[in-house]
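*Asks:* One structure, as structure tokens, below. Some questions next.
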Amino acid sequence: MKDMEGHEDDFVPRLGMEYRTLDEAWSVWNDYGGRNGFGVRRGHESKSKTDGVITSKFFLCNCEGKRGLDKRDHLTRKPRAETRTGCQARLVLKFDRGTKKYKVVEFVSEHNHLLQPPEACYLIPSQRKVSEIAGFDIQVAASSGIQPKYAHELYSRQHGGIRGVGYTLVDHRNCLRNIRQEALQYGSAIAMMKYFAKRSMEDSSFKHLEDTTEEGEIANVVWMDAKMIVAYARFGDVVIFDTTFGTNNEKYEEEKEFEDAFNILMGKVDGKGKEWLEVLEDNREKEIKSEYNMRSKLPRLKFGMPILREAANLYTPKVFELFQAEVELSMSAHIECLEGNTYTVVMYGIDNEALQKRRQVVWTRENQMISCSCKKFERVGILCWHALKVLVFCEDIKVMSPRYVLNRWTKAAKDVTIVDIEGRRVIEDPMLDVRNRRADLLRIVAPICDKAAYNEEKTHFVRNRFLEFRREYEGKYDNLASTSGNDHPTSEHSLHLKKNGGNRRSKRIPSCIEKKRGAKKAKNKTISKSQDSLRTNTNLSQEKSKENFGYYHDLEDL
């Protein structure tokens, strides 16, 4: 028991204790309040006028002070319960310039109100906090269609109960509301710029460029992330000619007519701006599943040919199906040797008529090159059945030349290291390593916490070790972070972005009595209108006379 009391004393503030920073002292005070059943808040502070250092700081109980008087109290039908009781519990610190630390000069532990029981301490506002990672999980759950109630229940089960989550269902909903309001506060333009700034912090390869009008408003936006750079590096040799470019597919002859139709369309899809992003994420998830199936499964071969076995190991499943179909067609084709290394390949039907146009294939044995007049390899990227007929059945080629296996169609297309224009490695998902490292740390820490939670002595032992480790970590790495600064500074854009006004509250509907009073006031206004105009004219004439004769005193003084 003495050891237990010693552990308890480590978490109780005492006179003369010193802290390196105010944040460290606040962490101790907040932890002390959470274990003893009262909320905490920051109070008054004093700063030095010479160097701006905080010389004294008050940490108070949440019930300190009294609620101020409100002139609208007589109109309140059901006032809210009182939360301030004038509690004097506090922790006062002063800065010692000799040791460069904050020293406890006053500590009051007595309260004039009831303290919360241990099972209700998690409801204290100062003990509830939605971390950045938890906010991300909340946003992900909402975008996946999970209701806040069920998402919060899931997190409670994952953390061993509702007390382990760190926030309540109300905080969960408030966090989700704040995320949505932040996205709509300045409209889509500033939301897009904030998204770009966030991506630039997460991904050093993320680039974006905005084209503005003469008024400084955004006209065009171009952006690329690591995934786009990687895709271009892997499949950048693909060229597509869009024959429909510039054609009028909308059937609107006038520009104004098209703009009106486009505005109607945007009105119909208002509020669905993130559906395309959800579709994109679904497609990427399908890509990951396809990647897994491709690496874990091999396709079925219709024929036991060496060239097919090689293609099954090289090509992706979809491309292999196309290649196997070409091999199957080549088995039914007829070949004729013209002269030297030139062949003609054709497909005949039952009536001995050519089903397709004759194709000419040229094979060069010296440099292992083959070309066909159909140009399918140049268009699609796989050998046609004309060329395969020559290679497999005439030249007895067992293995394809590497020049006819395009890297973009292979399973190993993504197994390359790509760098950007600045020479840095491009990571397709910059946050993947962060999530994996966090999960790895949780796998180490969570079992220790689960085992120690069943015994009070073990809990205090683990808690002390964690606090010591946290102090060591903050002393080593937080100081480095503060001196090094931000690795990814973001540039400010001087764009004229109008802030949305939001939904303003509509005016209250007046009662019938108020309407009658309004009618009487209107009559009085019309009656006194001539009198007001007369007074105004006399005042103007008096002011004019004062200006003309240089009088600067009131009429009563004159």
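*Asks:* Give the residue from PHE377, SER330, LEU388 lying farthest towards the positive end of the charge dipole for segment 306-414; charges sit on Cβ (+1 for Lys and Arg, -1 for Asp and Glu) and the dipole is referred to the Cα centre.
*Replies:* Projecting each Cα onto the dipole axis, the largest value belongs to PHE377.
*Asks:* Please give the peptides 63-71, 400-408 ranked by average Cβ packing (other Cβ atoms within 10 Å per residue), highest first, as a rough proxy for protection.
*Replies:* The densest-packed peptide leads the list: 400-408, 63-71.
*Asks:* Cα-based count: Lys pairs in segment 306-414 below 25 Å, eight or more positions apart or different chains?
*Replies:* Count of close lysine pairs: 18.
*Asks:* For segment 129-201 and segment 431-475, what is the separation of their Cα centres, given in Å?
*Replies:* Their Cα centres are 24 Å away from one another.
*Asks:* To continue, here is another question. Between ASN36 and ARG300, what FRET efficiency follows from the Cβ-Cβ distance if R0 is 45 Å, with the result rounded to 0.05? Spell out each step's value before the answer.
*Replies:* Values: r = 69 Å, r/R0 = 1.52.
Once rounded, the FRET efficiency stands at 0.05.
*Asks:* Shifting gears a bit: Among 25-38, 409-422, what's the highest-first ranking by average C-beta atoms within 10 angstrom per residue? Please report the intermediate quantities before stating the final value.
*Replies:* Numbers: 25-38: 18.6, 409-422: 12.6.
So the peptides 25-38, 409-422, ranked by packing, come out 25-38, 409-422.
*Asks:* Using modelled backbone amide H atoms (1.01 Å from N, in-plane), which distant-in-sequence or interchain residues come within less than 5 Å of LEU406's amide H?
*Replies:* For LEU406, whose amide H was placed from the backbone, there are no distant partners under 5 Å.
*Asks:* Averaging over every viewing direction, what projected area does the convex hull of the Cα atoms of segment 104-170 cover, in nm²? Before the final figure, lay out each step's value.
*Replies:* Values: hull surface 26.0 nm².
If you wrap the Cα atoms of segment 104-170 in a convex hull and average its projections, you get 6.5 nm².
*Asks:* Under the 0.36 nm per residue contour assumption, what length would be gained going from the current alpha-carbon distance of ALA325 and GLN158 to full extension?
*Replies:* Answer, rounded to one decimal: 55.1 nm.
*Asks:* Follow-up. Please get the size of the charge dipole for segment 1-156, origin at its Cα centre, with Cβ charges of +1 on Lys and Arg and -1 on Asp and Glu, quoted in debye to the nearest 20.
*Replies:* 940 debye
*Asks:* With a 10 Å radius around each residue's Cβ, average the other Cβ atoms per peptide and rank 153-161, 292-300, highest first.
*Replies:* Ranked by mean Cβ neighbours within 10 Å, highest first: 153-161, 292-300.
*Asks:* In nm, what is the difference between 0.36 nm times the number of residues separating LYS66 and GLU456 and their Cα-Cα distance?
*Replies:* Extra length available between LYS66 and GLU456 comes to 136.6 nm.
*Asks:* List the extent of the Cα atoms of segment 19-81 along each of their three principal axes, largest first, rounded to whole Å.
*Replies:* Cα extents, longest axis first: 49, 35, 12 Å.
*Asks:* Moving on. What per residue convex hull volume, in Å³, comes out for segment 306-414 when only alpha-carbon positions are used?
*Replies:* So the per-residue hull volume is 100 Å³.
Just so you know, all these numbers are worked out from the coordinates, no wet-lab data involved. Source: prediction; values computed, not measured. For neighbour counting, all protein chains shown are included, and Cβ atoms are generated from backbone atoms with ideal geometry for every residue, glycine included.
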